[in-house]
1. For the peptides 67-76, 102-111, 43-52, what is the packing order when you average, over each peptide's residues, the other Cβ atoms within 10 Å and list the highest mean first?
2. Below 8 Å, C-alpha to C-alpha, sequence gap of six or more: please give me the relative contact order for the range 95-181 in percent.
3. Taking the simple approach of a point 7 Å from Cα along Cα-to-Cβ for both residue 205 and residue 135, what is their distance in nm?
4. What is the chain's relative contact order, in percent, from Cα pairs under 8 angstrom and six or more apart in sequence?
5. What is the packing order of peptides 193-205, 128-140, 5-17, taking the mean over residues of other C-beta atoms within 10 Å and listing the highest first?
6. Given 20 °C and 1.002 mPa s, how large is the Stokes-Einstein diffusion coefficient of the chain in µm²/s, with Rh as the Kirkwood radius over Cα pairs?
7. Run through the DSSP bridge list for the chain and note the antiparallel percent, rounded to the nearest 5.
8. How large is the direction-averaged shadow of the alpha-carbon convex hull of the range 1-122, in nm²?
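Readers should treat all values here as calculations from the given coordinates under stated rules, not as data from a laboratory. The structure presented is a predicted model; accordingly, all values stated were derived computationally and were not measured. For neighbour counting, all protein chains shown are included, and Cβ atoms are generated from backbone atoms with ideal geometry for every residue, glycine included.
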């Protein structure tokens, strides 16, 4: 019997983590149908709703206890700095956050970025990294299509995710250093809720 206050888990609605996240939930024995259009899917054999959200919003939903759990990339979690608990790494969605420059650039090392412009969708991570390394560079926040920034003379370098390096190569960019490794993680809200215990048994088995 479904309750008026079911557990909720947030997953990416579209993108590289979407299908693997749903496959992981099915591996827990959860039975549900997802057609890619609805934003909330109810499990048929468990009192749980699946929220299909933008990946950037998942940490916020979990930290504000709208969702009890979430599946999100570590890169997004670190950028948002949300107050959530990481339950486990899930082994899919592996990628690296790198700094890359044009193939013909004179920038070759971290110190070469001093005084240069770096475009990124991860300004918080990049700012923290550069501050820790004592490098002063201008950070240009961009929501998407970061790879074209150098060719349009918006930036001298970029900081972006890469899995295979194919997109960087297609845009004639080469990585000069890696900031972090990332993969999908299962996160939990900090609120105590006794209804979580049965799902936790499935997660930890």
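1. 67-76, 43-52, 102-111
2. 50
3. For the pair residue 205/residue 135, the computed spacing is 4.7 nm.
4. That works out to 26 percent.
5. In decreasing order of mean packing, 193-205, 128-140, 5-17 become 5-17, 128-140, 193-205.
6. This corresponds to a translational diffusion coefficient of 116 µm²/s.
7. 60
8. 10.0
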